[in-house]
């Protein structure tokens, strides 16, 4: 980095931190702040990079951090067929030939990834050991061994290991539901019932080989199920949990005998109980990838979220229905702010946990893995008992 002048320090302090003392305590934050202060009035709050773009969720991840004040400065994507469209979408970011170019760059504070699921936790460990924070697509961890290592390194380094559970954190209706629950709109939460149906082929695009292999994606309860465990913990306020029962099936894909296209779980926590169902059976007639829903039952009412579509009803997504002691209410949540990106950037800069508590992230992953490991595998053609 260029030699710093007193003018640089003053500008960086004003634009990125609340005082010279805080700057001197965080050299990597100072480096990024000075860099962005020199760029002009629209200086970013932090610099971040991408390693791995094997899932389309990467665009939402980059969007969240960018809205929060981050600047995407570089990326490492080893697959040419994935690198080219990413480069077209983010022309101002620099492609690098090796992840070390990112891990060794002291001005980069956060690494974002949507790599192949079983590669995500090992990458996160390398990122944290390099002194950077990590934000990853779900599932962010696919095995108990990976979870143990991630917890160990996170405790040692005090870095952030954040999983973007987008079905709660980036869905305005879910954010609004959290506000209503916190305000006591339905009393004490008793149970959640979450449904995560998905469309297996989207816009005619073929799925990559790793998609069909549970060893790579973690199994259906780990993969799309991790969203639901996050929501169960959040809405019930549970800080502990156990799997009551779980099961998985492969109904429609004999050509991929290990694949799982259906799964469901009963879960219990210290704040309530939950039922979770995931599947890959969304028909082509639905105008979106899945009719994701969540029902939150309280002692004084209930909330139903129709996140992405209201079949034969109102257009678009982000529909919230609230039934309480006074009547039935509808809230259109389209356009409401989703604060995760800004909160994560704040957490990186201030060493706080406002976006998602670290233990919540790890517990949601642990429950999904335990459910997967304990699941009864039903034979093709079999029906639940």
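Yes or no: residue 244 assigned by TED's automatic domain parsing to the domain that holds residue 293, modelled with pLDDT of 95 or more and surrounded by 15 or more Cβ atoms within 10 Å (Cβ to Cβ)? In short, no. For residue 374, indicate whether it is surrounded by fewer than 22 Cβ atoms within 10 Å (Cβ to Cβ), within 27 Å of residue 139 (Cβ to Cβ) and either touching a residue at least 60 places away in the same chain (Cβ under 8 Å) or outside the structural domain of residue 155 (by TED's automatic domain parsing) (or both). Yes; evaluated as a whole, the condition is true for this residue. Just one of the listed residues (269, 317) is closer than 30 Å to residue 188 by Cα, surrounded by fewer than 24 Cβ atoms within 10 Å (Cβ to Cβ), in contact with a helix residue (DSSP H, G or I) (Cβ under 7 Å, 6 or more places away or on another chain) and assigned by TED's automatic domain parsing to the domain that holds residue 173, namely 269.
Is it the case that the stretch 227-248 has a residue that's in a loop (DSSP other than H, G, I, E, B) and at positive phi? Scanning the stretch 227-248, I find at least one residue that is in a loop (DSSP other than H, G, I, E, B) and at positive phi, so the answer is yes. If only residues of the stretch 266-295 that are part of a loop (DSSP other than H, G, I, E, B) and under 21 Å from the mean Cα position of the chain (by Cα) are counted, the one that is nearest to residue 240 (Cα to Cα) is 292.
A search for C-beta distances below 8 Å between a residue of the stretch 75-99 that is over 18 Å from residue 119 (Cα atoms) and any residue that is modelled with pLDDT of 95 or more and in a loop (DSSP other than H, G, I, E, B), counting only pairs 6+ apart in sequence or on different chains, returns 86/77; 87/93; 95/77. Taking into account only those residues within the stretch 72-111 that are part of a strand (DSSP E or B) and either in contact with a helix residue (DSSP H, G or I) (Cβ under 7 Å, 6 or more places away or on another chain) or modelled with pLDDT under 95 (or both), which is farthest from residue 157 (Cα to Cα)? Ranking the candidates gives 95 first. In the stretch 354-371, of all residues being surrounded by fewer than 22 Cβ atoms within 10 Å (Cβ to Cβ) and in contact (Cβ under 8 Å) with a residue 12 or more places away in the chain, the one that is farthest from the chain's Cα centre (by Cα) corresponds to 370. In summary, residue 211 fulfils each of the numbered conditions (1) more than 21 Å from residue 292 (Cα to Cα); (2) free of Cβ contacts under 8 Å to residues at least 40 places away in the same chain with the single exception of condition (1).
Condition check ((1) part of a loop (DSSP other than H, G, I, E, B); (2) free of Cβ contacts under 8 Å to residues at least 40 places away in the same chain) across all residues:
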site: 304; (1), (2): no, yes
site: 309; (1), (2): yes, yes
site: 314; (1), (2): yes, yes
site: 320; (1), (2): no, no
site: 329; (1), (2): no, yes
site: 337; (1), (2): yes, no
site: 342; (1), (2): no, no
site: 346; (1), (2): no, no
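Scanning the stretch 54-70 turns up one or more residues that are at positive phi and modelled with pLDDT of 95 or more.
Just one of the listed residues (138, 176) is closer than 30 Å to residue 316 by Cβ, in contact with a strand residue (DSSP E or B) (Cβ under 8 Å, 6 or more places away or on another chain), touching a residue at least 12 places away in the same chain (Cβ under 8 Å) and outside the structural domain of residue 113 (by TED's automatic domain parsing), namely 176. Can you spot a residue in the stretch 142-162 that is at pLDDT 95 or above, closer than 30 Å to residue 336 by Cβ and assigned to a strand (DSSP E or B)? Checked the stretch 142-162: at least one residue is at pLDDT 95 or above, closer than 30 Å to residue 336 by Cβ and assigned to a strand (DSSP E or B). A residue that is more than 30 Å from residue 69 (Cβ to Cβ) and either in contact with a strand residue (DSSP E or B) (Cβ under 7 Å, 6 or more places away or on another chain) or at pLDDT 95 or above (or both) can be found somewhere in the stretch 330-342. Taken together, the residues in the stretch 161-200 that are surrounded by fewer than 23 Cβ atoms within 10 Å (Cβ to Cβ), touching a helix residue (DSSP H, G or I) at 6+ places or on another chain (Cβ under 8 Å) and farther than 18 Å from residue 274 by Cβ amount to 3.
The values are calculated or read from the model by the stated rules, or taken from the named source; none is laboratory data. Here the structure is a predicted model, which is why all the values come from computation and not from measurement. Note: ideal-geometry Cβ built from the backbone for every residue, glycine included; neighbour counts use all protein chains shown.
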